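In what follows, a structure is listed as structure tokens, so that the remarks can point back to it.
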Amino acid sequence: MKPIRVLQVFTILNRGGAETNIMNYYRHLDRSAVHFDFLVHRAEEGAYEAEIRQLGGQIFRLPAIHPLKIHAYKGAVKKFFAEHTGYDIIHGQNSELGVYIYEEAKKRGIPVIIAHAHNAPALRDYDLKFIFREYWKRRMRASITHAFTCGKESAQWLFGKKLASRAFLMPNAIDTEQFKYQPATAERVLNNLGKGNQLNLIHVGRFNKQKNHRFLLEIVSALRHLQPDFHLYLVGEGELLPEITAQIKTLGLENHVTLLGSRNDIPSLLQAMDVFLFPSLYEGLPVSLVEAQASGIHCVISDGIPSEAVLVNQNVTIVSLGESASNWAEKIAALDFSERKDVSEIIKVKGYDIKENAIQLQNKYLELLENHT
């Protein structure tokens, strides 16, 4: 039997949450039964592209979608589908930005067209782009056949309450075995970092407004007055990196903060950390938070993150974005680091282990195609 052919649609294939999530699934699917290709909207090589090619997937490119260049973009989409036929499923991972791809796929009779909700932007993040996003997300609903989501809040934002109630929950699942706490790994990583008996904090996320890095640095600046022996590691890349680098210098945090860039060793890094600090303005259901909880470290997160993302209650502290940086710092300083436990089984029980979820996704793809025919 021929494999199901799925076209995964992304903006870029870097180490973001949606990209990491689909790669977790891609590695564990039966690739003789389900074949992935990828359509991206950036000319530059993404971090996952080499691995995708090794796994047998092809990568195709379109120009970035821009409100003032819609006609040219729609022409490029039409040309792509004219030249690349035979897809059974379109799985859009770029939310409402896939609107014109969904419309073209519908015109060409592709049986299953999925939009996947990954985020839940807050009204406080309102800007000009928000207007277009509102228009596109409403327009796209007429072209998709199915809605997928990582969580309830994301589904409601992208699909509206009625369609969200029918959305398929595809968890941001991880390989829990990779994140299980290993003291020997923690010691090795600490030695490599040159940071031993101190409080180690980490943040994993793209340098953009959503992740709230400016406030994060204010928190650790306040922490100096309560617990001066600490170090913060920032993992990621993004457009605000120069601004955040300048803020580190302005606050005099050069000896307390290390920029690690994009990393492929997050499971090992988390072993050596004490706190995952995550003051995001909003989130869907972040893969990085699932990973941090699976590693057994304390997670100090904002109330902009959905409660459904809290999987290990005893290790998560939720702090309001309305509280001061000093209050955040006080809560971090008050944490008890005397014992760290293996909590990977909790993650499995909550339904976030990739092995079982990969089988469920494979079966879901097959079910959607069978129901169509």
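The values are calculated or read from the model by the stated rules, or taken from the named source; none is laboratory data. If you're wondering where the values come from, they're calculated on a predicted model, not measured in any experiment. Note that we place each Cβ from the backbone using ideal geometry, even for glycine, and neighbour counts take in every protein chain shown. Areas reflect the complete protein model, heavy atoms only, side chains present, ligands, DNA and RNA absent. Shrake-Rupley method; radii C 1.70, N 1.55, O 1.52, S 1.80 Å.
Regarding residue 90, is this residue in a strand (DSSP E or B), at pLDDT 95 or above and closer than 21 Å to residue 154 by Cβ? Against the criterion (in a strand (DSSP E or B), at pLDDT 95 or above and closer than 21 Å to residue 154 by Cβ), residue 90 qualifies.
Consider the range 341-371 and keep the residues that are open to solvent by less than 60 Å² (accessible area, probe 1.4 Å) and charged (D, E, K, R). The one that is farthest from residue 314 (Cα to Cα) is 364. For residue 124, the criteria (1) more than 29 Å from residue 84 (Cβ to Cβ); (2) modelled with pLDDT of 95 or more; (3) among the charged types (D, E, K, R) hold in every case but one, which is (2). For the range 245-275, a residue qualifies if it is at pLDDT below 95, open to solvent by 40 Å² or more (accessible area, probe 1.4 Å) and touching a helix residue (DSSP H, G or I) at 6+ places or on another chain (Cβ under 7 Å), and exactly one does: 263. In the range 66-78, which residue that is modelled with pLDDT of 95 or more and open to solvent by less than 50 Å² (accessible area, probe 1.4 Å) is nearest to residue 121 (Cα to Cα)? So, considering only residues that are modelled with pLDDT of 95 or more and open to solvent by less than 50 Å² (accessible area, probe 1.4 Å), the one nearest to residue 121 (Cα to Cα) is 73. Any residue in the range 288-302 that is open to solvent by 20 Å² or more (accessible area, probe 1.4 Å), among the small types (Gly, Ala, Ser) and either over 19 Å from residue 171 (Cβ atoms) or out of contact with any strand residue (DSSP E or B) (no Cβ under 8 Å at 6 or more places or on another chain) (or both)? No, that holds for no residue.
Selection of first residues in the range 21-41 that are free of Cβ contacts under 8 Å to residues at least 12 places away in the same chain and part of a strand (DSSP E or B) and of second residues that are buried (at least 19 other Cβ atoms within 10 Å of the Cβ) and among the β-branched types (Val, Ile, Thr), restricted to Cβ pairs under 7 Å at least 6 apart or on distinct chains, gives an empty result. Check 81, 130 and return the single one that is under 25 Å from residue 38 (Cβ atoms) and either among the small types (Gly, Ala, Ser) or surrounded by fewer than 21 Cβ atoms within 10 Å (Cβ to Cβ) (or both). Every option except 81 fails the conditions. Name the residues in the range 58-71 that are touching a residue at least 40 places away in the same chain (Cβ under 8 Å) and either among the polar types (S, T, N, Q) or over 16 Å from residue 14 (Cα atoms) (or both), would you? Answer for the range 58-71, where residues must be touching a residue at least 40 places away in the same chain (Cβ under 8 Å) and either among the polar types (S, T, N, Q) or over 16 Å from residue 14 (Cα atoms) (or both): just 67.
Here residue 220 meets the list (1) open to solvent by 20 Å² or more (accessible area, probe 1.4 Å); (2) farther than 25 Å from residue 47 by Cβ almost entirely, failing just condition (1).
The one condition from (1) touching a Lys or Arg at 6+ places or on another chain (Cβ under 8 Å); (2) under 17 Å from residue 286 (Cα atoms) that residue 13 does not meet is (1). Does residue 234 fit the bill of being outside any helix (DSSP H, G or I) and either in contact (Cβ under 8 Å) with a residue 40 or more places away in the chain or aliphatic (A, V, I, L, M) (or both)? Taking the combined requirement at face value, the residue satisfies it. Among the numbered conditions (1) open to solvent by less than 40 Å² (accessible area, probe 1.4 Å); (2) in a loop (DSSP other than H, G, I, E, B), the only one that residue 119 does not meet is (1).
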